[in-house]
Amino acid sequence: MDIETRTHTALHIVKGALVKVLGDKARWTTSAYVDGNHGRIHIEFDHKPSDEEVMLIEEKVNQVIKEDRDIEILKLDREEAEEKWGDWIYDRFPIPEKIKELDIFHLPGWNVNACNKKHTKTTGEVGKISIVKTRFRNSRNELEVSYDIDD
């Protein structure tokens, strides 16, 4: 599995951990970036997490990876996906209304997101993740979380 696919899949795993630790208000992704084994996710949020929360996020991420959970990639009618998961499938960068069929990344009990990128089949294929930096931008109400895939 190529590194960028693993690093992109890690975005979804990290986002799930952010919501698990920081709560539902951490659910809106404002941007994401992947380059090699490095990734960065920006979420709409209202404060910088404590060191303990960051450690817990990393622990939860790596626990899900260790569990080697199956990842579902579904192709669904947009209305069906919205009926099933509501706006949880969306980020702050909208999908044009003219798109009527969505590719859905679904890690049951963890993360669901409309996403047309390539993903691993299981969480275990991603490899260990280290949270390397968090930065909160008060002026934007945005939390940036940077991570690396450790090989």
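Figures for the structure shown
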read-out	value
Sequence-distant residues sharing a close amide H with Cys115 (under 5 Å, placed H)	Asp103, Ile104, Phe105
For segment 83-151 and segment 33-54, distance of Cα centres in Å	11 Å
Max mean-square fluctuation residue, GNM over the chain, Cα-Cα springs under 10 Å, options Val126, Val112, Val21	Val21
Segment 3-149: radius of gyration over Cα atoms, expressed as a fraction of 2.2 N^0.38 Å	0.99
Calculated [θ] (222 nm, deg cm²/dmol) that DSSP helices of n ≥ 4 give over the chain, each run adding -39,500 (n - 2.57)	-9500 deg cm²/dmol
Ranking of His38, His47, His12 by count of other Cβ atoms within 10 Å, fewest first	His47, His38, His12
Separation of the Phe136 and Met1 label points, Cα + 7 Å toward Cβ, nm	3.2 nm
Within a Gaussian network of the chain (alpha carbon springs, distance under 10 Å), most fluctuating of Ile95, Ile104, Ile13	Ile95
Convex hull volume per residue in cubic angstrom - Cα atoms of segment 76-151	125 Å³
Linear extension gain, Lys117 paired with His47, 0.36 nm per residue minus alpha-carbon span	22.2 nm
Integer Hz, Karplus 6.51/-1.76/1.60 couplings in order for segment 138-151, x for Gly and Pro	4, 5, 10, 6, 9, 10, 9, 10, 9, 9, 10, 8, 8, 9
Under the span-like rule (Cα at least 20 Å along the axis, Kyte-Doolittle mean at least -1.0), DSSP H helices of the chain	3-22, 51-66
10 Å beta-carbon shell around Lys128, net charge (K/R +1, D/E -1)	-3
Global form of segment 56-102, assessed from the alpha-carbon gyration tensor, a/c cut-off 1.5	prolate
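Bear in mind these aren't lab numbers, they're just calculated from the coordinates by the rules spelled out. Being a predicted model, the structure only gives us computed values, none of them experimental. A quick note on method: Cβ atoms are made from the backbone with ideal geometry, for glycine too, and the neighbour counts reach across all protein chains shown.
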